[in-house]
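Below: the structure, in structure tokens.
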């Protein structure tokens with residue numbers, strides 16, 4: 001396996017081939033994400049807690065701490081965690097040869113040395129079993145696999161942001177949720193939703209109640225679905241007829257167990273035009289949800305090129 005860098009397109013990465021690395025990154029992103037959660041003020045639907053795709057990996061963006069701010073960034077090119085504080089302090093943690101427990105200790109020690117208080121919950125969410133970070137001796141980090149995973153996220157983030165640009169209603173950023181370990185973007189009608197029943201492992205029902213408080217259509221990329229991961233789309237509450245919408249793009253299907261539409265990543269990767277394959281999937285599944293729920297699409301959608309005729313040379 002070799003690094004897949006900018007300009008080389010959509011990398012192949014079989015889920016079975018990088019499971020030890022995937023497990024490490026899932027736990028490590030939870031540790032870093034919980035640090036952000038501990039400091040950032042609540043935003044609707046937990047929008048203050050995710051990570052974001054960056055030109056080097058995954059970043060928290062700026063986090064407030066007292067009168068300063070700091071950030072943390074997984075760099076999947078040099079394979080370090082960068083920690084930077086607005087007072088000039090900085091440090092790095094090497095991602096190689098770290099267990100979950102040693103990474104957890106290194107993060108807390110590093111933040112302490114930079115004057116950043118870090119008290120987070122002791123274990124992960126949305127997984128079972130939830131081994132406390134300090135007791136998790138799992139080791140596994142393949143730099144090439146981590147780089148390929150990031151390159152998958154770069155492609156997914158880029159295309160989903162194109163899809164997002166057509167919506168002028170309430171819509172989330174394209175962001176990486178560390179609990180479920182997926183890249184997501186969610187559109188909202190503005191209407192309230194019925195109370196979510198919860199049920200995620202090692203995660204309070206109140207967390208899901210906040211996340212799903214309003215009627216939505218959500219999509220994203222999950223690196224754990226299918227042979228190479230999958231693009232997904234679902235609605236909450238799921239309307240009648242959503243699962244049976246006519247005209248589903250080739251290669252996509254509705255998963256009854258997950259109650260989601262899925263497009264395998266390898267199907268998109270092998271398509272003549274991967275961008276178009278993903279966009280067709282996202283647009284079809286959104287329309288199926290919005291039409292079945294009776295959304296006012298004329299008020300919620302617009303052409304992102306609506307000012308193009310006004311633009312001069314940049």
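So here's what we get for this one:
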{"item": "Ranking of 310, 34, 170 by count of other Cβ atoms within 10 Å, fewest first", "result": "310, 170, 34"}
{"item": "Among 104-117, 72-85, 188-201, the order from most to least packed when residues are scored by Cβ within 10 Å on average", "result": "72-85, 104-117, 188-201"}
{"item": "Centroid-to-centroid separation of the stretch 201-233 and the stretch 144-179 [C-alpha atoms, Å]", "result": "14"}
{"item": "Relative pair counts by distance (%), Cα atoms of the stretch 13-86, 10 Å bins", "result": "18, 47, 26, 7, 1"}
{"item": "Over the stretch 144-300: Kirkwood hydrodynamic radius from C-alpha pairwise inverse distances, Å", "result": "16.0"}
{"item": "The stretch 40-83 shape via C-alpha gyration tensor axes, a/c threshold 1.5", "result": "oblate"}
{"item": "Within the stretch 258-290, backbone nitrogen closer than 17 Å to the virtual label 7 Å beyond the Cα of residue 161 toward Cβ", "result": "275-276, 279"}
{"item": "Helix-only mean residue ellipticity at 222 nm for the chain, each DSSP H run of n ≥ 4 adding -39500 (n - 2.57), per residue, nearest 500", "result": "-9500 deg cm²/dmol"}
{"item": "In degrees, nearest ten, helix 100-113 long axis to first principal axis of the chain (Cα)", "result": "70"}
{"item": "Kirkwood hydrodynamic radius of the stretch 15-141, Cα pairs, Å", "result": "14.9"}
{"item": "0 to 90° range, to nearest 10: angle between helix 19-39 axis and the chain longest Cα axis", "result": "80"}
{"item": "Relative exposure of 86, 217, 54, judged by other C-beta atoms within 10 Å (fewest first)", "result": "86, 54, 217"}
{"item": "Mean Cα-pair separation over length for the stretch 15-141, i.e. relative contact order, pairs under 8 Å, 6 or more apart, %", "result": "24"}
{"item": "C-alpha long axis of helix 274-293 to longest principal axis of the chain, angle in °", "result": "70"}
{"item": "Ranked by how many other beta carbons lie within 10 Å on average, peptides 274-282, 90-98 from highest", "result": "274-282, 90-98"}
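Where a number appears in this text, it was derived from the coordinates with a stated rule and is not lab data. Since the structure is predicted, the reported quantities are computational estimates derived from the model, not experimental observations. Cβ atoms come from the backbone with ideal geometry, glycine included; neighbour counts cover every protein chain shown.
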